[in-house]
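What follows is a short report on a single structure.
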Amino acid sequence: MNRTAKILASKMEVLPDLERKLKDATVRYDEASKARDQKVKLAAVKRELAWAHVRDKEDELGAKLKEISAQDKRLPKIQDNIRKAQVCICVSSLCSRTYLSEGHSGRARRSGGAGQSEA
């Protein structure tokens, strides 16, 4: 019985040290588990952020497409106005050439000039 008591006593001396090591190991395991959970959450947040960025870019694209559509609706009227202005320029140029080719100078006539008889 003496031998059993000695073995039991030595085991009892080691027991607090083993309990402390168990507690330390449990704390490290919990911290590692929390770190893994945080990595998973971080990955999820990164994915959410990426998709939020995609949504923002899609919104920007939609706004730009709407703006382009509005400008496209204005384009035919602008092109028509340009054609009308070009026609006016051509007509004006043609009229000027015709007027000058008929012998008119570009200067205004003065009264009493050559070609008028004096009375």
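The values are calculated or read from the model by the stated rules, or taken from the named source; none is laboratory data. Quick caveat: nothing in here was measured; it's all calculated off a predicted structure. Here the Cβ positions follow ideal geometry from the backbone for every residue, glycine too, while neighbour counts run over all protein chains shown.
The single condition among (1) over 31 Å from the mean Cα position of the chain (by Cα); (2) at pLDDT 95 or above that Ser69 does not satisfy is (1).
The criterion of being within 43 Å of the chain's Cα centre (by Cα), surrounded by 10 or more Cβ atoms within 10 Å (Cβ to Cβ) and in a helix (DSSP H, G or I) holds for Lys41.
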